[in-house]
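S.K.: Let me begin by handing over the structure; questions about it come next.
The numbers here are math on the coordinates, done by the rules we state, and not lab data. Bear in mind that the values here come from a model prediction, so they are computed numbers and not experimental data. As a convention, Cβ positions derive from the backbone with ideal geometry for all residues, glycine included, and neighbour counts pool all protein chains shown.
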Amino acid sequence: MFVLAVASFVLDWQGFWSKASAPFGVVIAGMAVLGAGALVLHNGERQRHSDAEHQLDAARRWREEQHRAAAVADRAHAREVDRELRVRFNTAADQLAHPNPNLRRSGAAAIATLADDWHSFRGNKAERQVCIDVLCGYLTTPNSTLHATQTERTHRPASDNPPSAGADGTVRTTIVQLLSRHLISPDRDMNWRDATFMLKGADLRAVDLTGAVFHYADLRRALLSWSALGGAALHYADLSHAILSYAELSGANLTGARLFGTNLTGATMFGTNLANANLDYAKLTNAAPFSANLTNAHLNYTDLSRADLTGADLTNAGLVRANLTGANLTNANLFGANLAGADLTDARLIGANLTAANLNGANLEYAVVDHETTWLPRSAAPARHRRVLRTTG
């Protein structure tokens, strides 16, 4: 249009504007309308974009507000749960201290349940450990209901007259059962394997602990005389200097356990697994590790006088300077055992296997052997003792 207007002026087109003014006006008007429309469209697009940003911002603010509200509600719920758990703890602790043993048992069960709830509540291991410490702490307190027999008070307990753990014995049995179940529980929230069990000095005298699970437990100096530990799992437990006199340990698993200086006088240990256990300086006088597994066990300087080791497996066991006076080693397997300096005076070695055993300096005076006792040159009794060995029929 601009070019036509300039050409009409330069070329002097007569009558051009009179005829073209109307079309030109329409075109100009149309262009004005189009321009106005484009402006309206542009402004509308800007408004829509602004509205969209506003909506997104409003949605973002709403989500943030919801998150803040949820966090506030969550904190309030956590405080409420925490308050409830602590109230339950105080109630359970009061029950555990109640004079009635039945209520004490209920209190122990409540504390165990509380420990599980603490752990399931955001995996709180610290509060769970507090509950476990309370249960273990109960076991380390003296049992005031223990009824000692006259023979026990005079330190001469008799197998036919054992003491009684009294009313508190059932409470202690319950606690041990609770600890045991949680150590082997398949439920992640109820498994306490990664917890700490401080049972040093625990008073479990004459308590029924049949099938108890105490692997890796700290039971140093624990009082376990006359306790029933048949079938118990005590592998790698530390029982150093514990008192297990006259305890029932038949079928128990003490693999790798530490029993340094432990008193096992008169203990019944039929089929007990003591492989790789450390029993150095322990006392097993009159004990009955009948058919026990003592392979690779450390029994150096241990008192095994009059112990019944019939059929026991002592393969490669360390028995340096061990006291085996009057011990019954009938059919025992002492293959490769180190008996250097051991006292085997009057010991029964009928059918025993002493192949490759080290008897250097061992005292075999009046030891009883028979034709089935295996002696090889390396393990033969020192010449100065051969003349005092007595051979049965």
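S.K.: What's the magnitude of the charge dipole for region 81-193 around its Cα centre, counting Lys and Arg as +1 and Asp and Glu as -1 at the beta-carbon? Answer in Debye, nearest 20.
M.R.: In total the dipole reaches around 120 debye.
S.K.: Amide H to amide H, which residues 5 or more places from ALA232 or on other chains are under 5 Å from it, using H placed in the peptide plane?
M.R.: Under 5 Å from the amide H of ALA232: GLY211, ALA212, ALA252, ASN253.
S.K.: Label-point separation (nm) for ARG321 and ALA148, each offset 7 Å from Cα along Cα-to-Cβ?
M.R.: Each label point is offset 7 Å from its Cα along the Cβ direction, giving 3.2 nm.
S.K.: By how many nm would the segment from ASP189 to ALA97 lengthen if fully extended, with 0.36 nm per residue of separation less the alpha-carbon distance?
M.R.: So the chain would gain 30.5 nm between ASP189 and ALA97.
S.K.: Rank the residues ARG63, ARG348, ARG205 as a footprinting-exposure proxy: fewest other Cβ atoms within 10 Å of their Cβ go first.
M.R.: ARG63, ARG348, ARG205
S.K.: Working only with C-alpha atoms, what are the Rg and Dmax values of region 268-313, expressed in angstrom?
M.R.: 9.3, 23
S.K.: Sorted from fewest to most neighbouring beta carbons within 10 Å, what does the list TRP375, TRP226, TRP118, TRP62 look like?
M.R.: TRP62, TRP375, TRP118, TRP226
S.K.: Separation between the ALA59 and ARG86 pseudo-spin-labels, each 7 Å from Cα along Cα→Cβ, expressed in nm?
M.R.: Going by the 7 Å Cα→Cβ label model, 4.3 nm.
S.K.: As an exercise, use a Förster radius of 51 Å and the Cβ-Cβ distance of ARG181 and GLU372 to find the FRET efficiency, rounded to the nearest 0.05.
M.R.: After rounding to 0.05, the efficiency reads 0.65.
S.K.: Okay, moving on. Sort LYS125, LYS200 so the one with the fewest other Cβ atoms within 10 Å of its own Cβ comes first.
M.R.: LYS125, LYS200
S.K.: More than 17 angstrom separation, counting every C-alpha pair in region 81-193; what % is that?
M.R.: 58
S.K.: So if I place +1 on the C-beta of Lys and Arg and -1 on the C-beta of Asp and Glu, and nothing else carries charge, what would the dipole magnitude of region 209-284 be about its Cα centre? I want it in debye, nearest 20.
M.R.: Once rounded to the nearest 20, the dipole reads 100 debye.
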